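Beneath this line is the structure, given in structure tokens, with notes to follow.
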Amino acid sequence: MSAYISRRSFLTALGATAATSLAGCAQLSKNIPIIDVDNFGRPVGTPKANVDSYNGNYTSMYAAVQDEGYSLPAIPIQKMDKKYLRQVVNDPTGERPGTIVVDTANRFLYLVMENGQALRYGVGIGKDGFAWSGRAIIQWKRKWPKWTPPDEMIARQPHLEKYSARNGGMGPGLNNPLGARALYIFKDGKDTLYRLHGNPEWWSIGKAVSSGCVRLLNQDIIDLYDRVPNKTPILVM
């Protein structure tokens, strides 16, 4: 998929298949920027309608936070490409409200809302050869989850054996690869072994770095976790 995504081309790519299970959209926080963007994700409109004008809101959104007994550091947003920060945009997906859509080509995750809008988050994705795509559901969610690398990953990286399911996995914490939250993707009742999850490596957002899973900033995965229930439909391109 190219960087340019029109509604027509996106629908053609998806096959325009409607999701069978829908989740309601949560109430939006008042401090999320609402930005009218073109098909390249660039702000349009008056000179004030640009991402930089929302830095005050972003500072609050990505501030240090105490969560479930853990201290998450602030995100240095001044070092990030602003297009990967959480914002409301015109929905480019054509999917039904309540659907999560991951656009791996452009490193965005959309939560489709009513009135032709979507809440967009920046993501990091899997390296070539480890990415998963398709339609599925968020079967269940966890706060500060354990991490148990699959056997295939352990075979490639034997030092991870100490975190295998046989050894009880890695406990939750700031160094856990799943971060503050994990949303578990199932297809046809089976675990795909892929997750939407948090991570502390803000510099990895917008890049292909993980072993297949879709990573968000910890502050963003907490926000998404609170907006979507179990059984939320998800489409990963």
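All told, residue 185 falls short of being at pLDDT 80 or above, touching a Phe, Trp or Tyr at 6+ places or on another chain (Cβ under 7 Å) and farther than 19 Å from residue 220 by Cβ.
For residue 109, are the conditions met, namely being of a type in the set (A, V, I, L, M) and in contact with a helix residue (DSSP H, G or I) (Cβ under 7 Å, 6 or more places away or on another chain)? No: the conditions fail for residue 109. Could you grab the pairs with beta carbons closer than 6 Å, sequence gap of 6+ or different chains, first residue in the stretch 140-162 and modelled with pLDDT under 80, second one hydroxyl-bearing (Ser, Thr, Tyr)? From the stretch 140-162, the pairs are 149/163; 153/211; 154/164.
Of everything in the stretch 193-237, what is in a helix (DSSP H, G or I) and within 10 Å of residue 181 (Cβ to Cβ)? Give them in sequence order. Answer for the stretch 193-237, where residues must be in a helix (DSSP H, G or I) and within 10 Å of residue 181 (Cβ to Cβ): 218, 220, 221, 222, 223, 224, 225, 226.
Between a residue in the stretch 105-116 that is in contact (Cβ under 8 Å) with a residue 12 or more places away in the chain and surrounded by 20 or more Cβ atoms within 10 Å (Cβ to Cβ) and any residue that is among the basic types (Lys, Arg) and not in a strand (DSSP E or B), which pairs come within a Cβ distance under 8 Å, given they are 6 or more apart or on different chains? That search, which allows pairs on different chains as well, returns 107/207; 111/227; 112/96. Does the stretch 202-223 contain at least one residue that is charged (D, E, K, R), farther than 19 Å from residue 61 by Cα, surrounded by fewer than 19 Cβ atoms within 10 Å (Cβ to Cβ) and at pLDDT 95 or above? Within the stretch 202-223, not a single residue is charged (D, E, K, R), farther than 19 Å from residue 61 by Cα, surrounded by fewer than 19 Cβ atoms within 10 Å (Cβ to Cβ) and at pLDDT 95 or above. Comparison of 97, 145 shows that the only residue that is buried (at least 22 other Cβ atoms within 10 Å of the Cβ) and part of a loop (DSSP other than H, G, I, E, B) is 145. In the stretch 153-162, the condition of being in a helix (DSSP H, G or I), under 29 Å from residue 67 (Cα atoms) and of a type in the set (Lys, Arg) is met by at least one residue. Of the listed requirements (1) of a type in the set (D, E, K, R); (2) modelled with pLDDT under 95; (3) outside any loop (DSSP other than H, G, I, E, B), residue 128 misses just one: (3).
The residue of the stretch 105-117 that is farthest from the chain's Cα centre (by Cα), among those that are in a strand (DSSP E or B) and over 23 Å from residue 208 (Cα atoms), is 117.
The values are calculated or read from the model by the stated rules, or taken from the named source; none is laboratory data. These figures come from a predicted structure and were not determined experimentally. Don't worry about glycine lacking a Cβ; one is built from the backbone with ideal geometry, like all the others, and counts go over all protein chains shown.
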